[in-house]
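The values are calculated or read from the model by the stated rules, or taken from the named source; none is laboratory data. Predicted model only: the values in this text are computed from it and were never measured. For neighbour counting, all protein chains shown are included, and Cβ atoms are generated from backbone atoms with ideal geometry for every residue, glycine included.
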């Protein structure tokens, strides 16, 4: 004879528990949706690094400026405040005979910075890390030990990490100043397609930068000798406003 089947236990308790978890999840998601604006604003503001500034030897404007020239205009404001006597424009070639640094130089002259206080650093860098390495000879040649780095607000966190890693053994003091950028408003970035794409791409680049910096010690002997990293970043050269190489 077959053994009698055990009666099934009532599942009301299990169903009730699932309903409670579902209700809790709905409440959490609903709360997050209602407070999304303050949370997303906090993320945008946290992402931007804008350090307290002291007087330095030079203001270094990184390549990759926006079309309106936000970085240059911000650097000009710092220059007029007397925070540094020199402004360095860094940028790769736009054409065979014209670099982004020289384009920024034109903007700086229009903003009122005297030509005698401007230096253009030309290089072939295609990333912020390559740019930091390519700038080594220029900074060493002028004995700059205290710099203000100007870059777009969304780029400040990654730029600070890269430059502090590259120059930590050189005794160079670096402060990062965030230039307001037309592409990214930290107070409402989630409401604008370009701003959302800008921050998303910057976050992905930041993750990739961690892997790049892990390999940096292998390049240290060349870097400490004042040479850039192995290709593609060749030594940088400085040009006076008149175009004469130093």
Exercise. Would a scan of region 65-84 turn up a residue that is at pLDDT 75 or above and more than 30 Å from residue 129 (Cβ to Cβ)?
Worked result: yes
Problem set entry | The listed residue being loosely packed, with under 14 Cβ neighbours inside 10 Å, modelled with pLDDT of 80 or more and over 21 Å from the mean Cα position of the chain (by Cα), out of 55, 18 | 55
Exercise. Of everything in region 69-103 that's assigned to a loop (DSSP other than H, G, I, E, B) and in contact with a strand residue (DSSP E or B) (Cβ under 9 Å, 6 or more places away or on another chain), which residue is surrounded by the most Cβ atoms within 10 Å (Cβ to Cβ)?
Worked result: 84
For this session: Can you confirm whether region 168-188 contains a residue that is surrounded by fewer than 16 Cβ atoms within 10 Å (Cβ to Cβ), touching a strand residue (DSSP E or B) at 6+ places or on another chain (Cβ under 8 Å) and touching a residue at least 60 places away in the same chain (Cβ under 8 Å)?
Result: yes
Exercise. Quick check: is even one residue across region 94-102 modelled with pLDDT under 95 and touching a helix residue (DSSP H, G or I) at 6+ places or on another chain (Cβ under 8 Å)?
Worked result: yes
Seminar exercise, completed: Of those in region 140-155 that are modelled with pLDDT of 95 or more and part of a helix (DSSP H, G or I), the residue nearest to residue 74 (Cα to Cα) is 153
For this session: Show the residue pairs that are 6+ apart or on different chains and have beta-carbon atoms under 8 Å apart, the first residue being within region 191-213 and closer than 24 Å to residue 163 by Cβ, the second being outside any helix (DSSP H, G or I).
Result: 198/183; 198/184; 199/184; 212/127
Problem set entry | Selection status of residue 132, closer than 16 Å to residue 151 by Cβ, within 21 Å of the chain's Cα centre (by Cα), part of a helix (DSSP H, G or I) and in contact (Cβ under 8 Å) with a residue 24 or more places away in the chain | yes
For this session: Report, ordered by the first and then the second residue, all pairs with beta carbons closer than 6 Å, sequence separation of six or more or different chains, a first member in region 135-154 that is at negative phi, and a second member that is surrounded by 24 or more Cβ atoms within 10 Å (Cβ to Cβ) and in a helix (DSSP H, G or I).
Result: 150/71; 150/75; 151/159
